[in-house]
Amino acid sequence: FSLKMMPGNAAPDLRHLSEFEADQIRTFILRKDLSDKSKSNLLNQVKLFFVWAEDSEEMQLAPLALIYFKSIPSHRKIPNNTSVPKEHIEIIAKHLMDNRQKHPKYELCFVVLNLLLQTPFRVKNICTLDRNCLIETGKDDVHIIRMKSKTSKGEYEDRTIPLSTYRLIKQTLSQTEPLLSKCSVEAWKDYLLLYAGPNGSILPLYHNNFHS
C-alpha cells in the first residue's frame, strides 16, 4: 500500500504493477543483507508471482515491469559483457512511446525492445518475425513465440514469453493487418513488423531502423 502512495507513482490501482513499482521492489530486495545468490532467488520468486498474477488476470503488468526482476549477473561473467542500465532502458522505452504518434516505426521499435528484453534473440532476428510467430499451446498461462535462430541457418527456436509481451504482439498483428492489402511485395506480407512509408508504400522494419 505504501508503494501505491509514493510520489511519482502513476499506477495507484492495486491490480496494476508499474515500472516504477517494479524498480522500487527490486531496490528493496537488493538492499537486503543477503548473498547475491539469495537476492537472485528472491527476485526470481517475485517475478514468478507476478507472471502468475498476470496470467490468471489478477493483475495487469506494465510492458517492461518484469525486466526489473532479472537475476543479479554472476561475477564469473566476462567483465566486458555489461548490460544497459535499467534507467537507460526506461528512457528509451519512454522516448519510443512518447513519439509513436509521430511515426509508426517508433511503436514497432518498442515491440523490438520488449522482445530484446524477454528473449535471447538479436534485433535482426526479431525484425524478421513471421506473422504466425505465436504458437498456440492450448494453455492460458503458457505463451510461446517462434523465430529464426541466431545461427541464421533457416532453423527456428521457440521461447516462452510473458502475457504482456504476448498481448503486445497480438496488438501489433491487429494494427498491421490493414496494411497487408496495400503491400506490393508479396514476401513482406509474412512479416509482423510493417509500417506505412513514404507515398503510402508498405515497408518492413529493418534492423538498422531500430539502431538509428
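The values are calculated or read from the model by the stated rules, or taken from the named source; none is laboratory data. Predicted model, so just to flag it, every value in this text is computed and none were measured. Backbone-built Cβ (ideal geometry, glycine too); neighbour counts: all protein chains shown. What goes into the accessible areas is simple: the full protein's heavy atoms, side chains included, and nothing from ligands, DNA or RNA. Shrake-Rupley method; radii C 1.70, N 1.55, O 1.52, S 1.80 Å.
Here are the numbers:
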| item | result |
| --- | --- |
| Evaluation of GLN45 against (1) at pLDDT 80 or above; (2) within 24 Å of ILE161 (Cβ to Cβ); (3) open to solvent by less than 60 Å² (accessible area, probe 1.4 Å) (one fails), failing number | (3) |
| Test: residue in region 170-179 that is assigned to a loop (DSSP other than H, G, I, E, B) and in contact (Cβ under 8 Å) with a residue 60 or more places away in the chain | no |
| Test: residue in region 190-211 that is modelled with pLDDT of 85 or more and part of a helix (DSSP H, G or I) | yes |
| Checklist (1) more than 27 Å from LEU168 (Cβ to Cβ); (2) open to solvent by 100 Å² or more (accessible area, probe 1.4 Å); (3) modelled with pLDDT under 70 applied to SER2, failing item | (2) |
| Leading residue by the ranking (farthest from the chain's Cα centre (by Cα)) among those in region 15-45 that are among the aliphatic types (A, V, I, L, M) and outside any helix (DSSP H, G or I) | LEU34 |
| Residue that is farthest from TYR106 (Cα to Cα), among those in region 195-212 that are without any contact (Cβ under 8 Å) to a residue 60 or more places away in the chain and surrounded by 14 or more Cβ atoms within 10 Å (Cβ to Cβ) | ILE202 |
| Any hit, region 142-159, residues being open to solvent by less than 60 Å² (accessible area, probe 1.4 Å) and either touching a residue at least 40 places away in the same chain (Cβ under 8 Å) or in a helix (DSSP H, G or I) (or both) | no |
| Pick from region 176-188, criterion touching a helix residue (DSSP H, G or I) at 6+ places or on another chain (Cβ under 8 Å) and surrounded by fewer than 17 Cβ atoms within 10 Å (Cβ to Cβ), ranking: nearest to VAL112 (Cα to Cα) | LEU180 |
| Any hit, region 8-18, residues being of a type outside the set (A, V, I, L, M, F, W, C), open to solvent by 40 Å² or more (accessible area, probe 1.4 Å) and either under 30 Å from THR137 (Cα atoms) or modelled with pLDDT of 80 or more (or both) | yes |
| Test set (1) part of a loop (DSSP other than H, G, I, E, B); (2) closer than 22 Å to LEU173 by Cβ; (3) modelled with pLDDT of 75 or more - PRO120 fails condition number | (2) |
| Conditions (1) open to solvent by less than 10 Å² (accessible area, probe 1.4 Å); (2) at pLDDT 85 or above; number of the one not met by THR128 | (1) |
| Where MET59 falls short, out of the listed (1) at pLDDT 80 or above; (2) over 16 Å from GLN118 (Cβ atoms); (3) open to solvent by 90 Å² or more (accessible area, probe 1.4 Å) | (3) |
